[in-house]
Every structure is written in C-alpha cells, then in structure tokens.
1. Being buried (at least 16 other Cβ atoms within 10 Å of the Cβ) and either over 18 Å from Phe337 (Cβ atoms) or within 14 Å of the ligand (Cβ to nearest atom) (or both) is the filter here, so list the residues in segment 289-298 that pass it.
2. Which members of segment 157-206 meet the condition of being outside any helix (DSSP H, G or I), out of contact with any Pro (no Cβ under 9 Å at 6 or more places or on another chain) and either outside the structural domain of Ala133 (by TED's automatic domain parsing) or open to solvent by 40 Å² or more (accessible area, probe 1.4 Å) (or both)?
3. From the list Phe286, Phe341, pick out the single residue that is within 16 Å of the ligand (Cβ to nearest atom) and either open to solvent by less than 40 Å² (accessible area, probe 1.4 Å) or not acidic (Asp, Glu) (or both).
4. Could you figure out which of (1) open to solvent by 60 Å² or more (accessible area, probe 1.4 Å); (2) more than 12 Å from the ligand (Cβ to nearest atom) isn't true of Glu312?
5. Which ones in segment 232-246 are within 11 Å of the ligand (Cβ to nearest atom) and buried (at least 19 other Cβ atoms within 10 Å of the Cβ)?
6. Out of the residues in segment 258-279 that are within 12 Å of the ligand (Cβ to nearest atom), aliphatic (A, V, I, L, M) and within 17 Å of Tyr36 (Cα to Cα), which is modelled with the highest pLDDT?
7. Give all pairs with beta carbons closer than 9 Å in which a residue from segment 309-331 that is closer than 19 Å to Leu225 by Cβ and without any contact (Cβ under 8 Å) to a residue 60 or more places away in the chain meets a residue that is more than 10 Å from the ligand (Cβ to nearest atom) and not acidic (Asp, Glu); count only pairs at least 6 apart in sequence or on separate chains.
Amino acid sequence: MMMIMTSNEFRDGLAGVPAAKSRVSHVDGEKGILEYRGIRIEELAEKSSFIETAYLLIWGKLPTQEELEDFETEIRYHRRIKYHIRDMMKCFPGTGHPMDALQTSAAALGLFYSRRALDNPNYIRAAVVRLLAKIPTMVAAFHMIRKGNDPIQPNDDLNYAANFLYMLTERRPDPLAAQIFDVCLTLHAEHTMNASTFSARVTASTLTDPYAVIASAVGTLAGPLHGGANEEVLNMLEEIGSVENVRPYVERCLANKQKIMGFGHRVYKVKDPRATILQDLAEQLFAKMGHDEYYDVAVELENVVEEYIGREKGIYPNVDFYSGLLYRKLGIPADLFTPIFAIARVAGWLAHWKEQLTVNKIYRPTQIYVGDHNLAYIPMAERVVDRDPGTVSA
Ligand code: ACO
C-alpha cells in the first residue's frame with residue numbers, strides 16, 4: 001500500500017527522520033556515547049588501529065590476527081595510483097580545493113576498475129581495499145603536484161597513518177605523531193546517518209559502482225555545513241589571539257547571535273566524546289613537540305562557553321574543536337583538514353555501502369509539490385525579463 005505524506009509530516013532536511021536501519025554505529029547524544037559496531041569509541045581509540053577499525057566497521061566484526069595482517073598487506077600493496085591518475089591531477093588548477101580534486105579522482109578510479117560485480121565478494125573486497133589504499137595517496141599526490149613537485153611514492157615500510165604523513169613531506173614522521181594521527185582517523189571513521197553517509201547510501205541504492213558512491217559522499221562532505229569547521233576554529237582562535245580576549249569575544253558573539261565555531265552539535269548535548277579524546281591527544285602532542293599558545297585560548301574558550309551557555313543549552317566542544325590545533329602541530333595545511341576527514345570517513349561510507357547492498361531498495365522519497373498548475377504557454381515575443389539572469393565569464 002502506498003503511503004501518502006501530508007504536509008504536516010514534512011520536516012526540513014529530513015531532520016529526525018530515520019533513513020535506514022543500520023548496525024554500523026550508534027550515538028547517544030544525551031550521554032555522550034559513540035559506538036562502532038557496539039564498541040565504545042574510547043576503547044577503539046585506546047586499543048585499536050584505524051585499519052582494524054575499518055575492518056570492524058566494514059565486515060561487522062573484529063578481525064583475527066591473520067585477517068588483520070592480510071587486510072593490511074592488501075592495502076599496502078594497492079597504495080600506488082596509476083600514472084594516468086597522476087597525469088590527470090597535473091591538469092587540475094593548483095588553486096583548486098583539494099576536496100574537489102579528491103572527488104574527481106575518486107570518481108576517476110571507476111574508469112580503471114569498471115567491472116561491476118556487486119554480488120561477488122571478491123569484487124567487494126577489491127573495491128574496499130583499493131578505496132582505503134588509494135584515497136590517501138590521491139590526497140597527498142594532489143598536494144605535491146599543486147606545489148609543483150612530483151608525488152611522493154607510498155613507503156611500504158610505514159603503516160597507514162605514518163605513510164600518509166610521509167607522502168606529505170617525504171620525511172618519516174615522529175612515531176608519536178603517527179600514532180596520534182592514526183587515532184584521529186579512527187575517531188573520524190564513522191558517525192551514523194549524516195549528509196555524506198546518506199548521500200553514499202542513496203548512490204549505493206542505485207547499484208552503481210563503489211567509486212561513484214565514495215565520490216558522491218566526498219562531494220557532500222565538502223560543503224561548509226558538514227566538513228571543514230575545524231579550519232574555521234583555527235581562524236577563530238587566531239582572531240581571539242590571547243586568553244584575556246576570550247571573555248569579551250564570547251560576549252560579543254552571544255550579543256550578535258553569532259555561532260562560536262567548534263561548539264554545539266545536532267545530536268550531542270554534552271561534550272562530544274571525540275573532542276575529549278582529541279584534547280587528550282593534543283596535550284600529549286604538545287608535550288612532545290612544543291606547546292601551542294592557542295591551546296590555552298581554546299581551553300579558556302571551552303570554560304567561558306560552558307559558563308555562559310553550555311549547561312543551559314547543551315553547547316559543548318564538538319569533534320572539530322581540537323582537531324585543527326592537532327593537525328596544525330603535525331604540519332598539515334589547513335585546506336587538507338577536510339580531505340583527511342574524508343580519508344577516515346571512507347571506512348564508514350564503505351560500511352554503509354556494503355550494508356545498503358544487503359538490504360537494498362532504491363531510495364525514492366516523495367515531495368510536496370508547491371508550484372503552479374495549468375499555466376498558459378507564453379509565446380517568446382510576449383515574455384518579459386523579470387530578474388537578472390547573471391553572467392558567466394569564459
Ligand atoms: N555558539 C553559540 N551558540 C550556539 C552554538 C554555537 N556554536 N551552537 C548552538 N548555539 C545555540 C543557538 O544559537 C541556539 O540558541 P537559541 O535556542 O537561543 O536560539 C541553541 O544553541 C540551539 O542551536 P541550534 O542551531 O538549534 O543547534 P543545532 O543542533 O541546529 O546546530 C550546529 C548544531 C549546526 C553544529 C551548531 O551548533 C553550529 O553551527 N555550531 C558551530 C559550527 C560547528 O562547529 N560545526 C561542526 C559541527 S560537528 C560536524 O559537523 C562534524
């Protein structure tokens with residue numbers, strides 16, 4: 001029987017409307033709990049690695065030692081990208097945003113691995129491995145190419161996180177820095193239903209290839225309302241400048257009804273558990289690699305926001321609040337923060353792609369038509385220009 005939605009059931013942005021039944025992850029926003037496949041994020045951050053967590057998300061169980069080693073070996077083997085992809089990137093404008101370069105390159109992978117066999121476990125496995133392996137290489141390659149350099153080849157001696165940092169600088173990263181970066185990837189790997197995951201599932205539901213699924217999710221993550229607030233947190237901390245300026249800054253924002261970047265979350269009404277872990281990691285990193293003066297500004301900002309609106313409105317630091325400071329200390333340029341988010345989230349998107357295939361029904365929501373009916377077709381000579389159509393430069 002067809003369900004007809006009435007206008008009073010409509011919700012802007014589908015806010016609060018379940019879009020799938022999923023076993024991949026769970027958030028309790030009141031208690032500040034995030035679980036991947038039922039395991040608390042704190043436990044995974046402490047005991048797991050990004051690749052093991054990716055396996056858990058995608059295959060729904062923790063791997064045995066042998067399964068993990070096989071998975072890591074396959075990913076290591078497939079890290080290189082074809083020279084066609086590198087040559088394609090050389091044609092991209094160096095001023096283009098790395099997220100646009102990543103979306104284009106992810107889609108281009110589909111040209112090279114186009115045999116689609118969604119009912120074949122070997123095809124699924126190969127797509128998972130290729131996407132996890134090649135996305136970091138593509139992000140790093142575009143970064144080098146836009147600087148006028150040749151991409152740095154992946155280093156087989158290094159693990160996933162260390163190899164990515166190596167491909168950005170051609171220097172072996174400090175072991176603590178690499179370990180902390182690996183935890184950052186784990187923390188960003190999955191976060192239930194959101195715009196990019198929904199995008200991935202909608203694309204997956206058409207039974208298109210997985211490269212198109214990831215490309216569409218990357219394009220969705222690129223928007224300023226989704227990925228990218230951590231870049232703005234850094235700008236804000238620099239603008240505030242010193243601990244003494246924090247209180248007047250918060251008062252000014254609140255008086256002007258201006259959002260304070262890195263605070264608040266649609267789901268969490270307490271401090272985001274990922275922000276707590278990231279803050280701890282940032283302290284470890286600064287203890288080893290030197291203090292960051294803006295960290296003191298950040299801590300004071302957290303205290304003042306809590307005092308003014310935190311307890312009353314449930315506005316606490318989100319995942320973006322401490323990650324920018326951390327990435328900057330790792331020497332990562334600010335416009336790579338969102339591509340790094342994508343590198344991590346590929347694990348979650350692939351888990352949702354695989355889950356969607358097992359229960360697939362093509363997404364086909366309805367709409368509430370609010371336009372006109374029965375208008376006359378106006379002959380060209382009688383039409384009037386009633387708006388500025390804009391111009392497009394060559
Ligand atoms: N600073 C100041 N006040 C805030 C903030 C903030 N960052 N966030 C929410 N509030 C206030 C709102 O003004 C509103 O107050 P009111 O009830 O007096 O009008 C109340 O708290 C509820 O805010 P909403 O906007 O309704 O909260 P919502 O859940 O819709 O928005 C969002 C969540 C979009 C994340 C918002 O908090 C925000 O814009 N934060 C800043 C940007 C940011 O850090 N984004 C990253 C989010 S994490 C991620 O996407 C990975």
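1. Val297, Ala298 - these are the residues of segment 289-298 that are buried (at least 16 other Cβ atoms within 10 Å of the Cβ) and either over 18 Å from Phe337 (Cβ atoms) or within 14 Å of the ligand (Cβ to nearest atom) (or both).
2. Of everything in segment 157-206, those that are outside any helix (DSSP H, G or I), out of contact with any Pro (no Cβ under 9 Å at 6 or more places or on another chain) and either outside the structural domain of Ala133 (by TED's automatic domain parsing) or open to solvent by 40 Å² or more (accessible area, probe 1.4 Å) (or both) turn out to be Asp157, Asn159, Glu170, Arg171, Arg172, Asp174, Thr206.
3. Phe341
4. Failed condition: (2).
5. Val233, Met236
6. Here the answer is Ala275.
7. Pro317/Lys271; Pro317/Thr276; Pro317/Leu278; Pro317/Gln279; Pro317/Ala298; Pro317/Leu301
Listed here are the residues, each with its yes/no results for (1) farther than 23 Å from Ala212 by Cβ; (2) charged (D, E, K, R); (3) surrounded by 20 or more Cβ atoms within 10 Å (Cβ to Cβ); (4) touching a Ser or Thr at 6+ places or on another chain (Cβ under 7 Å).
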| position | (1), (2), (3), (4) |
| --- | --- |
| Lys61 | yes, yes, no, no |
| Thr73 | yes, no, no, no |
| Arg115 | no, yes, no, no |
| Asp119 | no, yes, no, no |
| Asn122 | no, no, no, no |
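The values are calculated or read from the model by the stated rules, or taken from the named source; none is laboratory data. The shown structure was predicted, so the numbers you read here are calculated from the model rather than taken from an experiment. With ideal geometry, Cβ positions are generated from the backbone for all residues, glycine too; neighbour counts draw on all protein chains shown. Quick note on the areas: whole protein, heavy atoms, side chains included, nothing else; ligands and nucleic acids left out. Shrake-Rupley method; radii C 1.70, N 1.55, O 1.52, S 1.80 Å.
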